[in-house]
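What follows is a short report on a single structure.
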Amino acid sequence: MPGIVADDLNSGAMPDSFLLSSPSMLLTLAFALTLIAGMVLKFWLSARQIRHVAQHRAEVPEAFSRTVSLSAHQKSADYTIAKVRFGLFELVLGSLVLLLWTLFGGLSTLNLALLGWLGGGMGQQMALLAGFVLISGFIDLPLTLYQTFVIEERFGFNRMTFKLWLIDLIKSSLLGVIIGLPIATLILWLMGAAGNRWWLWAWGVWMGFNLLVLLIYPTFIAPLFNKFSPVEDETLKARVTALMQRCGFAAKGLFVMDGSRRSAHANAYFTGFGAAKRVVFYDTLLAKLSAGEVDAVLAHELGHFKHKHLVKRIVSMFALSLLGFALLGWLATQLWFYHGLGVQPNLNAPNDALALLLFMLTVPVFSFFIAPVFTWFSRKHEFQADAYAVAQTSGQDLGTALLKLYEDNASTLTPDPVYVKFHYSHPPASERLARMRV
């Protein structure tokens, strides 16, 4: 990486006065205050959600009183509250871990230990990334186990055995090494060898990697975790094919995924990009929906393609990632960036991995406050896809399908409106049905 903009670092000297300089102190203060403000806001939003859902637990909303049972409504409320409360625990733990990595010196300690053991160079940088991932993974493991085998189990959604969970963990870890190691190595190499504009080259590599994953995921990665069988129901196949032809959509195939091996939740989705697109139905979905409802759900997904939502999201991802890489390219050369976040940068070795990890750790802290912008666009896209589905199929079928999916996934019918603006990528059922006038 190009030298940090401070002659003191390049010369090996570090005046004590620099540690008290305005940029590093301002960053420390901004980071700490933003983290606290974010936690307060998240606690407030969660408290609103818990209170709002609990207040409406005793009675099914009038709009759903003829289609949703009280027991299903109360199960959704209890499931929602349990997840939000667990999310608060995750928030506190995640914030403490973040502080330990940054201002309390955890990342700096790990870096210095590896530097003393391996010396400077690519090996030490890769070891730093690997060490961070391993430690973070071990911290997250109990949370994942609790989410799967306690919360999901309590509400009857989990169908995964511990053996299957462990096999999935091993597979995903190996994939992370096989796929993540080369891309991380390449980006770190670019940071050190491509000059001041390394971030532009790294952005190009990252975007190319993401597009490649979109192409290979359906046929190479997803089958490692689930079984995908061609749709055998000739009537369903004929209906789905006719709908796609009517909508001008072509796919490589129609598949049923054995989602019931892991969860009782139901879904359907399109995956892939370009010629690799395919339609996937969860087996749990086909077991619950009528033929007309399946058509309506599929038409909703087709609506996303008709309105080019996937392309728009990819373009947005390109733009935001370019901005992120450009910002990282500048911050990585600023001494105050490291000191302000509790890290002692290397004096005679590259700081590329340090900069990358610090950036990944801190960006979510500052970006949460603009979350409503992104969730608003996502909900807008869902409304557009609903409108397309109503135009192509039956609005009544779409409405009943959505209610079945909301009930099947125990999605509350009475979320807090403010919480929705921050956390909901899909509109609440009441808003979607009101738009469809079902």
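Among the numbered criteria (1) surrounded by fewer than 14 Cβ atoms within 10 Å (Cβ to Cβ); (2) on the phi > 0 side of the Ramachandran plot, which one does residue 105 miss?
(1)
Against the definition (small (Gly, Ala, Ser), surrounded by fewer than 13 Cβ atoms within 10 Å (Cβ to Cβ) and either in contact (Cβ under 8 Å) with a residue 12 or more places away in the chain or within 18 Å of residue 265 (Cα to Cα) (or both)), how does residue 119 come out, yes or no?
Considered against the rule, which asks whether it is small (Gly, Ala, Ser), surrounded by fewer than 13 Cβ atoms within 10 Å (Cβ to Cβ) and either in contact (Cβ under 8 Å) with a residue 12 or more places away in the chain or within 18 Å of residue 265 (Cα to Cα) (or both), residue 119 comes out as yes.
Of the conditions (1) over 17 Å from the mean Cα position of the chain (by Cα); (2) modelled with pLDDT of 90 or more, residue 364 satisfies every one except a single condition; which number is it?
Just one mismatch for residue 364, condition (1).
Please go through the range 328-337 and give me each residue that is closer than 19 Å to residue 102 by Cα and out of contact with any Pro (no Cβ under 9 Å at 6 or more places or on another chain), ordered by number.
Within the range 328-337, 328, 331 qualify.
Going through the range 290-320 one residue at a time, which ones are of a type in the set (Ser, Thr, Tyr) and touching an Asp or Glu at 6+ places or on another chain (Cβ under 6 Å)?
Answer for the range 290-320, where residues must be of a type in the set (Ser, Thr, Tyr) and touching an Asp or Glu at 6+ places or on another chain (Cβ under 6 Å): there is none.
Of the residues that sit in the range 217-265 and are under 30 Å from residue 168 (Cα atoms) and of a type in the set (Gly, Ala, Ser), which one is nearest to the chain's Cα centre (by Cα)?
222
Test each condition in (1) surrounded by fewer than 14 Cβ atoms within 10 Å (Cβ to Cβ); (2) without any contact (Cβ under 8 Å) to a residue 60 or more places away in the chain; (3) more than 21 Å from the chain's Cα centre (by Cα); (4) over 28 Å from residue 80 (Cα atoms) for residue 212 and report the one that comes out false.
Failed condition: (3).
Residue check, residue 226 against (1) within 30 Å of residue 352 (Cβ to Cβ); (2) among the polar types (S, T, N, Q); (3) without any contact (Cβ under 8 Å) to a residue 40 or more places away in the chain, all met but one. Which one?
(1)
Would you mind stating whether residue 283 is of a type in the set (Asp, Glu) and either at pLDDT below 85 or out of contact with any helix residue (DSSP H, G or I) (no Cβ under 7 Å at 6 or more places or on another chain) (or both)?
yes
Here are some residues: 207, 191. Which one is surrounded by 14 or more Cβ atoms within 10 Å (Cβ to Cβ), in contact with an Asp or Glu (Cβ under 7 Å, 6 or more places away or on another chain) and modelled with pLDDT of 90 or more?
Going through 207, 191 in turn, just one is surrounded by 14 or more Cβ atoms within 10 Å (Cβ to Cβ), in contact with an Asp or Glu (Cβ under 7 Å, 6 or more places away or on another chain) and modelled with pLDDT of 90 or more: 191.
How about the range 38-82: which of its residues are of a type in the set (D, E, K, R) and either outside any helix (DSSP H, G or I) or surrounded by 14 or more Cβ atoms within 10 Å (Cβ to Cβ) (or both)?
42, 48, 57, 59, 66, 75, 78, listed by residue number.
Restricting to the range 358-391, count the residues that are within 19 Å of residue 432 (Cα to Cα) and polar (S, T, N, Q).
Residues in the range 358-391 being within 19 Å of residue 432 (Cα to Cα) and polar (S, T, N, Q): 3 in total.
Select, from 420, 365, the only residue that is in contact with a Pro (Cβ under 7 Å, 6 or more places away or on another chain), β-branched (Val, Ile, Thr), crowded, with 16+ Cβ neighbours inside 10 Å and over 21 Å from residue 66 (Cβ atoms).
420
With the condition kept exactly as written, say whether any residue in the range 226-244 is within 21 Å of residue 314 (Cα to Cα) and either touching a Ser or Thr at 6+ places or on another chain (Cβ under 9 Å) or part of a helix (DSSP H, G or I) (or both).
No, because not a single residue in the range 226-244 is within 21 Å of residue 314 (Cα to Cα) and either touching a Ser or Thr at 6+ places or on another chain (Cβ under 9 Å) or part of a helix (DSSP H, G or I) (or both).
Write out, first by first residue and then by second, each pair whose Cβ atoms fall under 7 Å of each other, whose residues are 6+ apart or on separate chains, and whose first residue, in the range 144-162, is free of Cβ contacts under 8 Å to residues at least 40 places away in the same chain while the second is in a helix (DSSP H, G or I) and hydrophobic (A, V, I, L, M, F, W, C).
148/165
Does the range 37-65 hold any residues that are modelled with pLDDT of 95 or more and charged (D, E, K, R), and which are they?
Within the range 37-65, 42, 48, 51 meet the criteria.
List, please: which pairs have Cβ atoms under 6 Å, are six or more places apart or on different chains, and start with a residue in the range 82-98 that is in contact (Cβ under 8 Å) with a residue 40 or more places away in the chain and end with one that is of a type in the set (Ser, Thr, Tyr) and in a helix (DSSP H, G or I)?
As it stands, the answer is 88/46, since those pairs meet every condition given.
Quick one: which of 385, 355 is in contact with a helix residue (DSSP H, G or I) (Cβ under 6 Å, 6 or more places away or on another chain), small (Gly, Ala, Ser) and in contact (Cβ under 8 Å) with a residue 12 or more places away in the chain?
So the residue among 385, 355 that is in contact with a helix residue (DSSP H, G or I) (Cβ under 6 Å, 6 or more places away or on another chain), small (Gly, Ala, Ser) and in contact (Cβ under 8 Å) with a residue 12 or more places away in the chain is 385.
Answer yes or no: is there a residue in the range 408-429 that is of a type in the set (Phe, Trp, Tyr), modelled with pLDDT of 85 or more and either under 24 Å from residue 158 (Cα atoms) or over 27 Å from the mean Cα position of the chain (by Cα) (or both).
Taking every residue of the range 408-429 in turn, at least one turns out to be of a type in the set (Phe, Trp, Tyr), modelled with pLDDT of 85 or more and either under 24 Å from residue 158 (Cα atoms) or over 27 Å from the mean Cα position of the chain (by Cα) (or both).
Here are 129, 103, 141, 107: which of them is of a type outside the set (Val, Ile, Thr) and not in a helix (DSSP H, G or I)?
Just a single option satisfies the conditions, and that option is 103.
Based on this model, can you work out whether residue 192 counts as outside any loop (DSSP other than H, G, I, E, B), among the small types (Gly, Ala, Ser) and either touching a Leu at 6+ places or on another chain (Cβ under 8 Å) or over 23 Å from residue 134 (Cα atoms) (or both)?
yes
Going by the conditions given, is residue 290 surrounded by fewer than 18 Cβ atoms within 10 Å (Cβ to Cβ), touching a residue at least 40 places away in the same chain (Cβ under 8 Å) and touching a Lys or Arg at 6+ places or on another chain (Cβ under 7 Å)?
Against the criterion (surrounded by fewer than 18 Cβ atoms within 10 Å (Cβ to Cβ), touching a residue at least 40 places away in the same chain (Cβ under 8 Å) and touching a Lys or Arg at 6+ places or on another chain (Cβ under 7 Å)), residue 290 does not qualify.
The values are calculated or read from the model by the stated rules, or taken from the named source; none is laboratory data. Values in this document were obtained by computation on a predicted structure and should not be read as measured data. When we count neighbours, we look across all protein chains shown, and the Cβ atoms used for this are built from the backbone with ideal geometry, even at glycine.
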